[in-house]
Amino acid sequence: MRRPIIAGNWKMFKTLAETRAFFDALIPEIQGVEHCEIVVAPPFTALSAAAEEAEGTRVSISAQDVFWEPQGAFTGEIAVRMLVDAGCAYTIIGHSERRQFFAETDETVERKTRAAINGGLHAIVCVGEMLTERDAGQAAAVVRHQVKGGLGKFSETELSRVTIAYEPVWAIGTGRTATPEIAEEMHLEIRKTILEIHGPSSAGAIRILYGGSVKPDNIASLMKCDDIDGALVGGASLDPASFAAIIKYS
Ligand code: PGA
């Protein structure tokens, strides 16, 4: 029912030439892939080049962040309409690196998500606990709080333009993937939270991606879990061959 999404988050990697070379290598590898949506999130500077490369292919382009104001004196920020203009269909919001290093909060996540979906983008909203929170037995509580704080006020229609990415901070870039059991348990917890706030139809429809050291050799076991609807891939999305292998997990 829920169409899987495999999304690559390039973070602060790749120039224009590297972006073009990536697509030249990726596109022939994923001809005929129909079982999932494919999303690539380059840095801002490479968005329009990526959109040009992806035109007429199955790949959609995503930003990694966005600001909530439509325009104005906000040095260094990027508005939703600029992303749409550059060819984006998606934006990531509230990645744990933004929360940790750039003071992103559930409140800013909500404002950005509202702006993104009202402006015609699909939002990939990230949640996930730190290692200390998991060790203290608070993982579920932390993630429930992030989901309620970031997405609690949206209507069912608005929520249909949102995908959640569960990314335990201790698994990001560490090579330590959550086991499928841990991931599934947390995805269920997130779906239950959506059920409580928004009801069964939103809870059944919303897609929840797993992120954190997803690689070609662990994607299949993650995707076997009922509540895992795809992956947000960092490091392994930078290499076209490994990203293609992840896309072709089944
Ligand atoms: P990783 O990053 O795959 O390199 O762990 C995932 C992410 O931060 O989205």
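The values are calculated or read from the model by the stated rules, or taken from the named source; none is laboratory data. Since the structure is predicted, the reported quantities are computational estimates derived from the model, not experimental observations. Cβ sites come from the backbone with ideal geometry, for glycine too, and all protein chains shown count toward neighbours. Keep in mind that these areas ignore ligands, DNA and RNA; they rest on the heavy atoms of the full protein, side chains included. Shrake-Rupley method; radii C 1.70, N 1.55, O 1.52, S 1.80 Å.
State the extension gain, in nm to one decimal, for the chain segment bounded by residue 81 and residue 188, taking 0.36 nm per residue of separation less the distance between their alpha-carbons.
Residue separation times 0.36 nm, minus the Cα-Cα distance, leaves 35.1 nm.
With a cut-off of 8 Å between alpha carbons and a minimum separation of six or more residues, what is the relative contact order of the chain in percent? Working shown, then result.
Details: 488 pairs, mean separation 53.7, N = 250.
Once divided by the residue count of the chain, the mean separation gives 21 percent.
Within the stretch 119-157, whose backbone N sits under 13 Å from a point 7 Å along Cα→Cβ of residue 74?
119
Within the stretch 207-222, which residues have the backbone N less than 20 Å from the label spot 7 Å out from residue 1 along Cα→beta-carbon, could you tell me?
The answer is 207-210.
Return the Rg/Rh value of the chain, two decimal places, where both radii are evaluated on C-alpha atoms and Rh is the Kirkwood radius.
With Rg and the Kirkwood Rh in hand, the quotient comes to 0.94.
If the convex hull of the alpha-carbon atoms of the stretch 62-200 is projected onto planes in all directions, what is the mean projected area in square nanometres?
Taking a quarter of the hull surface, the average projection is 8.8 nm².
Using the Cα centre of the stretch 1-83 as the reference point, and only Cβ charges (+1 on K/R, -1 on D/E), how large is the resulting charge dipole? Debye, rounded to the nearest 20.
Result for the stretch 1-83 is approximately 180 debye, rounded to the nearest 20.
Principal axis extents for the stretch 128-222, Cα atoms only, whole Å, descending order, please.
If we take the Cα atoms of the stretch 128-222, the spans are 37, 30, 19 Å.
Could you go through the stretch 175-187 in sequence order and give the Karplus-derived ³J(HN,Hα) for each residue, using 6.51 cos²θ - 1.76 cosθ + 1.60 with θ = phi - 60°, rounded to whole Hz, and x for Gly and Pro?
Karplus values, whole Hz, x for Gly and Pro: x, 9, 6, 5, 5, x, 5, 5, 4, 4, 4, 6, 5.
Can you list the residues, at least 5 places off or on another chain, whose amide H is less than 5 Å from the amide H of residue 124, using H built in the peptide plane?
When sequence neighbours closer than 5 places are left aside, the close amide H contacts are 91, 92, 93, 163.
Taking 0.36 nm per residue of separation and subtracting the Cα-Cα distance, what length does fully extending residue 245 through residue 135 add?
36.3 nm
For the stretch 110-169 and the stretch 37-87, what is the centre-to-centre distance using only Cα atoms, to the nearest Å?
20
Mind checking which lysines have their Cα closer than 23 Å to the Cα of residue 11? Skip sequence neighbours fewer than 8 apart in that chain.
Excluding near neighbours in sequence, the set is 112, 215, 248.
With +1 on the Cβ of every Lys and Arg and -1 on the Cβ of every Asp and Glu, and nothing else charged, how large is the dipole of the stretch 141-250 about its Cα centre, in debye rounded to the nearest 20?
Values: 11 positive and 13 negative charges, 39 e Å.
Dipole size: approximately 180 debye.
Under a Cβ-only charge scheme (Lys and Arg +1, Asp and Glu -1), can you give me the dipole magnitude of the stretch 195-250 about the Cα centre, in debye to the nearest 20?
That gives the stretch 195-250 a dipole magnitude of about 160 debye.
Residue-wise, which Karplus ³J(HN,Hα) couplings in Hz belong to the stretch 208-221, taking 6.51 cos²θ - 1.76 cosθ + 1.60, θ = phi - 60°, and x for glycine or proline?
Working through the residues one at a time gives 10, 8, 9, x, x, 6, 6, 9, x, 8, 10, 5, 5, 5 Hz.
If you count only protein heavy atoms with a 1.4 Å probe, what accessible area per residue comes out for the stretch 1-136, rounded to a whole Å²?
Working: 6500 Å² over 136 residues.
The answer is 48 Å² per residue.
Provide the per-residue ³J(HN,Hα) series for the stretch 40-47, in order, calculated from phi with Karplus coefficients 6.51, -1.76, 1.60 and θ = phi - 60°, each as a whole number of Hz, with x at glycine and proline positions.
10, 10, x, x, 3, 5, 9, 4
Can you tell which of 202, 163, 78 lies farthest toward the positive end of the dipole of the chain, using +1 and -1 charges on the Cβ of basic and acidic side chains (Lys, Arg; Asp, Glu)?
The residue sitting farthest along the positive end of the dipole is 202.
Around residue 231, which amide H atoms from residues at least 5 apart in sequence, or from another chain, sit under 5 Å from its own amide H, with H modelled in the peptide plane?
For residue 231, whose amide H was placed from the backbone, the distant partners under 5 Å are 5, 6, 7, 210.
Put a dot 7 Å past each Cα toward the Cβ at residue 181 and residue 107; how far apart are the dots in nm?
It is 4.0 nm.
What aspartates and glutamates sit close enough to residue 148 to cross-link, taking a C-alpha to C-alpha distance under 17 Å and skipping anything fewer than 8 places away on the same chain?
104, 106, 107, 110, 129, 156, 158, 167, 189, 196
Would you be so kind as to identify which of 35, 45, 113 lies farthest towards the positive end of the dipole of the chain, taking Lys and Arg as +1 and Asp and Glu as -1 on Cβ and the Cα centre as origin?
Farthest along the dipole direction, towards plus: 113.
In terms of modelled amide H atoms, which long-range or inter-chain residues lie less than 5 Å from the amide H of residue 60?
38, 39, 40
Using a 1.4 Å probe and ignoring any ligands, DNA or RNA, find the accessible area of residue 210 and quote it in Å² to the nearest 10.
For residue 210, solvent-accessible area is about 0 Å².
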